[in-house]
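So the structure is just underneath, and the comments pick up after that.
The values are calculated or read from the model by the stated rules, or taken from the named source; none is laboratory data. This one's a predicted model, so the numbers in the text were calculated from it and none came from an experiment. Here the Cβ positions follow ideal geometry from the backbone for every residue, glycine too, while neighbour counts run over all protein chains shown.
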Amino acid sequence: MPTPAPRTGFASPYMQVAVSILLSATAQLLLKRGADESVHGATLGFAGLGSAWVWLGILAHIGSLTSWLYALRFIALNVAYNLTGLIQVLVPLSCWLLLGEKINPLRWLGITLVVLGVIVTARPLVRVEQKL
């Protein structure tokens, strides 16, 4: 059972879930940039380990994991995990805005459905958790 949580500021578990989501999405962008810079044709992508972008992505993943573990001490997993669906929105939107990747209409529909799904599933769970 989750323990009582500090409810304010950066130590808020919900803030830490948000930090985890943002760092995870950032890590994906950094890893993509590092992979694009790596030597083409390298076996299993190990050449990417020579890129500073890849190492920054790895650090972002570690930061994301740290925030996630902190948040899980205070928030029920079914609530926190539903919120992570936002990664499926942030990564494509960031790639579109920052990397110039295209998003086709079907993917836009998917992004919209994910946002609605997060709202529909997380909102009542947060209310229930706050009553506990």
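Say whether the condition of being at positive phi and either surrounded by fewer than 17 Cβ atoms within 10 Å (Cβ to Cβ) or assigned to a helix (DSSP H, G or I) (or both) is met by at least one residue in the range 113-128. Reasoning before the result, please.
Going residue by residue through the range 113-128, those that are at positive phi are none.
No, that holds for no residue.
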message: Checking the condition on the phi > 0 side of the Ramachandran plot, modelled with pLDDT under 90 and out of contact with any His (no Cβ under 7 Å at 6 or more places or on another chain), which residue from G41, G50, G100 passes?
response: G41
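Every residue, every condition in (1) at pLDDT 95 or above; (2) assigned to a helix (DSSP H, G or I); (3) in contact with a helix residue (DSSP H, G or I) (Cβ under 7 Å, 6 or more places away or on another chain); (4) loosely packed, with under 14 Cβ neighbours inside 10 Å, yes or no:
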| position | (1), (2), (3), (4) |
| --- | --- |
| P2 | no, no, no, no |
| Q28 | yes, yes, yes, no |
| L31 | no, yes, yes, no |
| G45 | no, yes, yes, yes |
| V54 | no, yes, yes, no |
| I62 | yes, yes, no, yes |
| I75 | no, no, yes, no |
| V79 | no, yes, yes, no |
